[in-house]
Amino acid sequence: MTNCDDRNYIAYCFHSVDGYSKFGSFKGNNNADGTFVYLGFRPMWILVKRIYPNGFNWMLFRHDDKQLEANSTSVEFGGDYIDMLSNGFKARTQANTVNDSADYIYMAFAETPFKYSNAR
């Protein structure tokens, strides 16, 4: 429900910057050879949330294979749910937090934030 007089709302608005950050959505394929998301840079970290159907926790994935449920009190843990590549990321699991047959939103920030940085 939106646009009601008796409710408060908050909006977080983001804008992608070439070589620095990217925000968008993707559809999971429920396969261990998951969906590839092109970013145009190697990510330092990625925040992913399943939005439909019925969302789960915000999952923060770091370049050192650590992850965290960003909206919970759980501790960070290791795992290989996502491969961070030189030009994007790819899900490597069928987990419902990142690659179920569902819609996801993401935000990603570059490891080396320069428009024409070299991949390693």
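Here are a few things to note about the model shown:
- Of residues in segment 95-109 being surrounded by fewer than 18 Cβ atoms within 10 Å (Cβ to Cβ) and within 14 Å of the chain's Cα centre (by Cα), the one nearest to Asp33 (Cα to Cα): Asn96
- Qualifying residue in segment 72-79 (condition: of a type in the set (Val, Ile, Thr) and more than 23 Å from Ser21 (Cβ to Cβ)): yes
- Of all the listed residues (Asp100, Asp80, Asp33, Asp64), the sole one being under 15 Å from Glu111 (Cα atoms) and either charged (D, E, K, R) or in a loop (DSSP other than H, G, I, E, B) (or both) is Asp64.
- Qualifying residue in segment 75-94 (condition: hydrophobic (A, V, I, L, M, F, W, C), surrounded by 13 or more Cβ atoms within 10 Å (Cβ to Cβ) and touching a Gly at 6+ places or on another chain (Cβ under 6 Å)): yes
Yes/no matrix, rows are residues, columns are (1) modelled with pLDDT of 90 or more; (2) hydrophobic (A, V, I, L, M, F, W, C):
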residue: Val37; (1), (2): yes, yes
residue: Trp45; (1), (2): yes, yes
residue: Val48; (1), (2): yes, yes
residue: Asp64; (1), (2): no, no
residue: Leu68; (1), (2): no, yes
residue: Thr73; (1), (2): no, no
residue: Asp80; (1), (2): no, no
residue: Met84; (1), (2): yes, yes
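- When Val75 is tested against (1) among the hydrophobic types (A, V, I, L, M, F, W, C); (2) under 19 Å from Phe14 (Cβ atoms); (3) outside any strand (DSSP E or B), just one condition goes unmet, and that condition is (2).
- Some residue of segment 48-56 being closer than 24 Å to Ser101 by Cβ, surrounded by 15 or more Cβ atoms within 10 Å (Cβ to Cβ) and among the hydroxyl-bearing types (Ser, Thr, Tyr): no
- When the test is whether a residue is farther than 20 Å from Pro113 by Cα, crowded, with 17+ Cβ neighbours inside 10 Å and in contact with a Phe, Trp or Tyr (Cβ under 9 Å, 6 or more places away or on another chain), Gly28 passes it.
The values are calculated or read from the model by the stated rules, or taken from the named source; none is laboratory data. The structure displayed is predicted, hence computed values, not measured ones. Positions of Cβ are generated from backbone atoms using ideal geometry, with glycine treated the same way; all protein chains shown enter the neighbour counts.
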